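> Questions regarding the structure given below will be posed in turn.
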Amino acid sequence: MTIARPATPSTARAINDRLALGLLLDQGPLTATQLKELTGLSRPTVADLLERLQCAGLVTVVGESGAARRGPNAKLYGLVAGRAHIAGVDVRTVSVGLAVADLTGRTRATAELAVAPDGATPGSLVDDAVRALADAARRAGAATLHTIAVGAPGLVDPATGELNPTGCLPRWHADLVHALRDRLGVPVLLENEVNLAGIAEQRLGAARDRDTFVLLWLGHGVGAAVVLDGRLRRGASGGTGEIGFLPVSGASGSPASAVRDGDFHALAGGAAVCALARAHGLPAASADDAPAAEAAVRAAVAAGPAGEPFLDALAERVALGAAALCVVLDPGCVVLGGEVGRAGGTALADRVARRLADIFPLRTEVRPGTVAGSAVLGGAVLTALDAVHRDLFGTP
């Protein structure tokens, strides 16, 4: 039998410090009295921890409370935002997005590089991206970066942390990760881009009230992030959620029957969405990329009744992939992410929910993704922030 031991004074201090830092991070500047009320700690204990955190360079006085009362205003304590900076990187086939944030998570600088399909060589793409990140760090006032988190398509091996591209993804994705590690000399965390989008939707978007859900990513490609009991699941080889490989040919009674020797990517990827839109008389580019598919779906939603047949057909296809996830995981909630999922909004999500109810007997909500901007970049910033908070705050 394990016997619980009382916390030592040093352990108790560390716990109290983490508690106070977490409150300052979540709620912004607070007075000592507010910290006392929120933590339940005594006034002397709060005074001691504030002194420790100020000496450590993590907390400083940022102003005074505006409460009208007799006597001097109370000091407001806040995190030293510039104590550390992190970066998030969103690697796509047609672009690289960058963001540098401070210790509070506030974005201080951004950059985006367009990738010409037949333009720069892989070497110059990598060089340009590394320079752009270094420049963004300088603009953010960061002498150095604490951690960089990168989201990229493909499988990330849990054992090695290396990127194993799937399909026809360019080699420069992996080269960029190596260059960031070698040239900037800071920890670089690599994660599948859909998993990062799932983290962003869990903490900032459509799944904030769910500890179990799946994010079905619909963009240039298709994929899924699986969150069970609050934890992102990656699988033995990093392949959890690779729904694009789901065989769909010969599925009787479904739109998949029109796809010969195909998979779910061939049914619901960006090129397929554009082809489906053209088949329904809607404007859609022939480009095989996420922006073209997003534009086609937005046009269908804006078209009103004229766009409904296309949305019905698209929902039929999406529901097939959603059902494959639900019959195994029973997540209770499916978030439609990616450019197509967000463009479809509730018009697409509601249609997918109705079709899914015909396939899968257990009640499952279907929601559109709501994270503004790049959900992948948002998840990358959150992942890098978690790393710096563990380091500086001692959080588990």
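> For the full complex of protein chains and a 1.4 angstrom probe, list D391, D182 by accessible area with the highest value first. Don't skip to the answer; put the middle values down first.
On the way: D391 95, D182 125 Å².
Result, largest first: D182, D391.
> Quick check on packing: order 355-364, 94-103 by the mean number of other C-beta atoms within 10 Å, highest mean leading.
94-103, 355-364
> Give me the percent of the accessible area of the chain that comes from carbon and sulfur atoms, probe 1.4 Å, all protein chains in place. Spell out each step's value before the answer.
On the way: 9590 of 18210 Å².
Ligands and nucleic acids excluded, carbon and sulfur give 53 percent.
> Out of all DSSP beta bridges in the chain, what portion is antiparallel? Express it as a percent rounded to 5.
Looking only at bridges with both residues in the chain, the antiparallel portion is about 65 percent.
> Kindly give the semi-axes, whole Å and largest first, of the ellipsoid equivalent to the chain, taking each as the square root of 5 times a Cα gyration tensor eigenvalue.
Working: eigenvalues 361, 125, 83 Å².
Here the semi-axes work out to 42, 25, 20 Å.
> Say R0 is 51 Å: what FRET efficiency, to the nearest 0.05, do V61 and A357 get from their beta-carbon distance?
On the way: r = 56 Å, r/R0 = 1.09.
For V61 and A357, the calculated efficiency is 0.35.
> As a test of understanding, state the convex hull volume per residue of the stretch 172-250 from its alpha carbons, in Å³.
That works out to 146 Å³ per residue.
> Which value, in Å², gives the accessible area per residue of the chain when a 1.4 Å probe is used on the protein heavy atoms?
Computed with neighbouring chains in place, this is 46 Å² per residue.
> Can you give me the C-alpha center-to-center distance between the stretch 279-316 and the stretch 146-224, rounded to a whole angstrom?
27
> Quick one: Karplus J couplings for the stretch 98-113, per residue in order, coefficients 6.51, -1.76, 1.60, θ = phi - 60°, nearest Hz, x for Gly and Pro?
10, 8, 10, 10, 8, 4, 7, x, 6, 6, 9, 7, 9, 7, 9, 10
> Evaluate the Kirkwood expression for the hydrodynamic radius of the stretch 82-226, namely the inverse of the mean inverse distance over all pairs of different C-alpha atoms, and round to one decimal in Å.
Over the stretch 82-226, the inverse of the mean reciprocal pair distance is 15.9 Å.
The values are calculated or read from the model by the stated rules, or taken from the named source; none is laboratory data. All figures in this text were calculated on a predicted structure; none of them were measured in a lab. Please note: Cβ atoms are built from the backbone with ideal geometry, for glycine as well, and neighbour counts cover all protein chains shown. We work out accessible area using only protein heavy atoms, side chains counted, and drop any ligands, DNA or RNA first. Shrake-Rupley method; radii C 1.70, N 1.55, O 1.52, S 1.80 Å.
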